[in-house]
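What follows is a set of notes on a single structure, which appears directly below.
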Amino acid sequence: MKYALLLYGDEKTWTSATEEQLEEASAAHGRFTEMLTARGAYLGGEELDCSSTAVTLRKGAVGTLRTDGPYAETVEHLGGFYLVEARDLDEAIEFATACPEEIVEIRPVVEYQG
Amino acid sequence: MNVDVTAVEQAYREHWARLLALLTAELRDLDLAEEALQDAFAAAVAAWPPEPGNPPAWLLTTARRRALDRLRRGALAVRKLPLLIVDDPDPPPAIPDERLRLIFTCCHPALSLDARVALTLRCVGGLTTREIARMFLVPEATMAARITRAKKKIAQAGIPYRVPAGPELAERRSGVLATVYLIFTEGYAATGGGRLIRADLASEAIALGRMLRELLPADPEVDGLLALMLCHHARRDARLGPSGELVRLPDQDRSRWHREEILEALSLLAAAPCRGGRTPGRTGPEGASGGERFPGPYLLQAAIAAEHATAVRAEDTGWPAIARLYGELEQITGSTVVRLNRAVAVAEASGPEAGLELLEGLDRELGHHHLLHATRAEFLRRLGREREALDAYGRALEVVGTDPERAFLLSRRADLSPPGHRVT
């Protein structure tokens, strides 16, 4: 099954991180990606720029409303994602546990057959 | 009711979980398996007598056929749910016991606690949705929706139909035990409504405990859970007075305790490894079950319950031993509720002053729980600090949930208030 691992976090910890911390985090993600690849589970993944760079469109009857910023104003923002292939939810949970981020939401990807 | 319906009912009681577990493995679809098996039991009501020579085999064959019918009928429709992830979908020759897989799937940590409880009662306990709804005092439609949602999540999120292995097993097994104990405690101390004990729910939990023991025979915590439930349940008749009011442990008529259930619990505890008597912890070697600290929380709680259950009179209770067991339990669990219970035991063993000290710092986490305030009120009352005791009873009454417990608190407070000065 395909799963998306959605990584959430407080962006302040990113913007206030030292160069050294950023390198460390980057290396941790590198190791995580290597592990996924070695197990044939890595399908893709990206880091997203911070939520202040987001634009959100809401399409309604009166037209399209464009706002600066992310869809939801929360402390924790979506900061990146991985797409993985896992045998089942237990394996996806194992991957999410190994992922070097504080909050990881596991979402099965809907796969249409035929 | 005629004899033949009883034969079907008996078959249902005995074989439901085993057949559902097997069909789920074969069909890789919990929903379809459940519907097909239900069809098979309905067919049995019509077709028996004569009762077939091998009722479970008859039911299994019928259910398989019904499942095929259902699949054929829906063949043109797009499959709504993905197939369950099953390691070995090939049906073996005999009727193998797949119930553990069913239990671990129903108690998967990705499901909410409510969903785990409902699914376990439905799939493993074989209760109808209506029965479960009645036990939890919710409309049948609500319970049906809860169970349907849970089954959908199992299929859609890819929750595997498998007994976990390796280090994961211990953790997941704890989740299964917690689900069964939650069913039991909901029956034993109902959290809302007019009735204080729902014996049917507690009995179901005990039946599940027995099933777990059959399926996980070498696990001392499984023994501990069953012994714990038996010790508590043995007191059910003495726990309520003639008009449904709560009778406290020291005031209970001990002749109304179910001796045979207590004896069964004691024999379970005596058989648990690395202990001589019924109080674990003195000489217990480490790591009896997979590197886990031993004795585990259920064995400790069972040992505490057994101390109470074996005291001939309330004043014979072994409070120092109980206080020590609660100390061990608090170390393992770090639970504030355990700390509260320990305070009660320590107050009995060493006086209310010592108990009161242990209650300090619990308000932040347990302030919403009437038992903290009620316990403090009792300690203060014994220390002769009546004004403070009255305040504490007042706080307990603000947060108490069930009517019998409220009535009990009111009577304790009224005892304390001088006539004419009653606080309402």
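Read-outs: derived from the displayed coordinates by stated rules, not from any lab. Because the structure is a prediction, the values reported are computed rather than measured. We place every Cβ from the backbone using ideal geometry, glycine too, and count neighbours over all the protein chains shown.
Brief remarks follow.
- Inverting the pair-averaged 1/r between distinct Cα atoms of chain B gives 23.9 Å as its Kirkwood hydrodynamic radius.
- Cβ-Cβ distance of residue A:12 and residue A:33, R₀ of 35 Å, FRET efficiency by 1/(1 + (r/R0)^6): the value works out to about 0.90.
- Per DSSP, loop GluC sites (Glu not before Pro) in region A:1-74 with at most 14 further Cβ within 10 Å: A:73
- The protein assembly as shown - charge dipole about Cα centre, Lys and Arg +1 at Cβ, Asp and Glu -1, debye rounded to 20: 1840
- Per-residue mean of C-beta atoms belonging to partner chains within 10 Å, peptide B:151-159: 4
- Electrostatic dipole magnitude of chain B [Cβ: Lys, Arg +1; Asp, Glu -1; Cα centre; debye, to 20]: 820
- Shape call, the protein assembly as shown: gyration tensor on alpha carbons, a/c limit 1.5: oblate
- Degrees between helix B:336-350 axis and first principal axis of chain B (Cα, 0 to 90, nearest 10): 40
- Taking other C-beta atoms within 10 Å as the exposure proxy, B:185, B:120, A:18, B:129 rank A:18, B:185, B:129, B:120 from fewest upward.
- log10 of Debye I(q)/I(0), alpha-carbon scatterers only, for region B:367-424 at 0.22, 0.23 Å⁻¹: -0.77, -0.84
- 14 Å cut-off, amide nitrogen to a point 7 angstrom out along residue B:260 Cα→Cβ, residues in region B:209-236: B:234
- Ranking of B:253, B:97 by neighbouring Cβ atoms within 10 Å, starting from the fewest: B:253, B:97.
- Projected area averaged over orientations for region B:318-362, convex hull of C-alpha atoms, nm²: 2.6
- The protein assembly as shown: calculated mean residue ellipticity at 222 nm from DSSP helix runs of at least 4, using -39500 (n - 2.57): -18000 deg cm²/dmol
- With a Cα cut-off of under 16 Å and a minimum spacing of 8 residues unless on different chains, the lysine pairs in the protein assembly as shown number 4.
- Ratio of the Cα radius of gyration of region A:2-108 to 2.2 N^0.38 Å, where N counts its residues: 1.22
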